[in-house]
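**Q** Below are the structure tokens for one structure; questions will follow.
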């Protein structure tokens, strides 16, 4: 039986992460539970513990998500913060946010309008602050170590040049030096559209500013390098994978992260130029969920993963272990 909901004034859907973010924003959730207007990058006393010296800050990760970092080791999204503060699991934390911020998400029908909690002015100020983040870098010639590193993924100098990847001697944020290149910790800068920059330090420990970016969801990686000379487009999860696929003659693009959603209009404009769309995300939980969400926007897209038996999450890692011939055979199978 099909129910017609058009006559129901206000249908309240299930409480999911995406349903919450369709109504409010991660910035507003952070603002609600921290209880004050914060600034990006500024240190505050941690709300998670007794903190004599301010050691808690908020920032935007390379995928565009707002995150917190407590220098006792805890870090995460606005949902992680609520889980820690409330001692709840993920599904329960969604219910808590829904209730506390009057979002009105329930499995019920209602004719009553709810007055949700909003921090509109604060959010606008934070987004303005984010957009004003200036990242600059001083390029240098690729070193032998650089060429050796990228060669592991079948990415040569010509591909790096094509995709505007630079070996960077120095990186500055708002004209302050933040990174310096070294052989043991090289620095690469991706020059993206709209004067945005994404910085990658592959040898840095996870969580130690391995990524730095002022890019937004509007900067699609690999978009301006598409050749449109084949019938297949692969949507993958990183610039490294885009470039690895290009080395096999495959057109590919990537959002800033698997958890980011492609703009529907942009996705349709690009994908309609191809007969076949393949979503090739990591074969982990984030990748599987991200691929499933993207397929809702692109219902005709095929979802593929690197075989779990290979013990590799993505195509660039697969090439680094199995080499040219086996990678080519795999791509024929999954694409």
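What follows is calculated from the coordinates using simple rules that are stated; it is not laboratory data. Computed from a predicted model, the values in this text were never measured in an experiment. Quick reminder, even Gly has a Cβ in these numbers, built from the backbone with ideal geometry, and neighbours come from all protein chains shown.
**Q** Of 120, 180, 77, 24, how do they rank once you tally other Cβ atoms within 10 Å and put the fewest first?
**A** Details: 120 9, 180 12, 77 18, 24 22.
Going from sparsest to densest Cβ surroundings: 120, 180, 77, 24.
**Q** Could you check how many percent of all C-alpha pairs in region 10-131 are farther apart than 23 Å? It would help to have the intermediate numbers written out before the result.
**A** Working: 2420 of 7381 pairs.
It works out to 33 percent of all Cα pairs.
**Q** Could I ask something else about it? Return the calculated 222 nm mean residue ellipticity for the chain, to the nearest 500 deg cm²/dmol, obtained by summing -39500 (n - 2.57) across DSSP H runs with n ≥ 4 and dividing by the residue count. Mind showing how you got there, number by number?
**A** Details: 11 runs with 111 residues, N = 335.
It comes out at -10000 deg cm²/dmol, rounded to the nearest 500.
**Q** Here's something else I'd like to know. For the ranges 165-177, 128-140, what's the packing order if you count other beta-carbon atoms within 10 Å of each residue, average per peptide, and put the highest first?
**A** On the way: 165-177: 16.2, 128-140: 14.4.
Result, highest mean first: 165-177, 128-140.
**Q** Counting only DSSP beta bridges with both residues in region 223-334, what percent are antiparallel, rounded to the nearest 5?
**A** Taking every DSSP beta bridge with both residues in region 223-334, the antiparallel ones total about 0 percent.
**Q** In addition: Given an 8 Å cut-off on Cα distances and at least 6 residues of separation, report the relative contact order of region 135-213 as a percent.
**A** On the way: 127 pairs, mean separation 20.7, N = 79.
Reported as a whole number, the value is 26 percent.
**Q** Take the Cα gyration tensor of region 146-289, multiply each eigenvalue by 5, square-root it, and list the three semi-axes largest first, rounded to whole angstrom. Intermediate results must be reported in sequence, preceding the final value.
**A** Details: eigenvalues 139, 57, 44 Å².
Gyration-tensor ellipsoid for region 146-289: 26, 17, 15 Å.
**Q** Now for a separate question. Restricting to Cα pairs below 8 Å that are 6+ residues apart, what does the relative contact order work out to for region 10-131? Please round to a whole percent. Each step should come with its number before you reach the end.
**A** Numbers: 158 pairs, mean separation 41.0, N = 122.
34 percent.
**Q** With an 8 Å cut-off on Cα pairs and a minimum separation of 6 or more residues, tell me the relative contact order of the chain in percent.
**A** Working: 553 pairs, mean separation 41.6, N = 335.
That works out to 12 percent.
**Q** Taking only Cα atoms, what is the 0 to 90° angle, nearest 10, from helix 315-334's long axis to the longest principal axis of the chain?
**A** With both axes taken from Cα atoms, the answer is about 80 degrees.
**Q** Something else about it: By DSSP, what percent of the beta bridges with both residues in the chain are antiparallel, rounded to the nearest 5? Numbers along the way, then the final one.
**A** Details: 34 of 45 bridges.
Beta bridges within the chain, antiparallel portion: roughly 75 percent.
**Q** Stretched out fully, how many nm does the piece from residue 311 to residue 52 gain, at 0.36 nm a residue minus the Cα gap? Please list the in-between numbers first.
**A** Values: separation 259, 0.36 × 259 = 93.24 nm, distance 4.37 nm.
Answer, rounded to one decimal: 88.9 nm.
**Q** Hey, another quick one. Report the Rg/Rh value for the chain, based on alpha-carbon coordinates and the Kirkwood definition of Rh. Don't skip to the answer; put the middle values down first.
**A** Values: Rg = 21.7 Å, Rh = 22.0 Å.
Radius of gyration over Kirkwood radius for the chain works out to 0.99.
**Q** Please label the shape of region 135-213 as rounded, prolate or oblate, based on the square roots a ≥ b ≥ c of the eigenvalues of the alpha-carbon gyration tensor (a/c under 1.5 means rounded; beyond that, a/b larger than b/c means prolate, else oblate). Don't skip to the answer; put the middle values down first.
**A** Working: a/c = 1.66, a/b = 1.24, b/c = 1.34.
Cα axes put region 135-213 in the oblate bin.
**Q** Let me ask something else about it. Could you tell me the largest-minus-smallest coordinate of the C-alpha atoms of region 223-334 on each of the three principal axes, in descending order and whole angstroms?
**A** 37, 32, 21
**Q** Continuing with this model, one more query. Full-extension gain between residue 117 and residue 275, please, as 0.36 nm times their residue separation minus the C-alpha to C-alpha distance.
**A** Numbers: separation 158, 0.36 × 158 = 56.88 nm, distance 4.45 nm.
Residue separation times 0.36 nm, minus the Cα-Cα distance, leaves 52.4 nm.
**Q** How far is helix 120-131 tilted, in degrees, relative to the longest principal axis of the Cα atoms in the chain, given as a value from 0 to 90 rounded to the nearest 10?
**A** The angle comes out near 10 degrees.
**Q** Still on this structure, please answer the following. Once both labels are modelled 7 Å past Cα along the beta-carbon direction, what's the residue 203-residue 138 spacing in nm?
**A** 1.9
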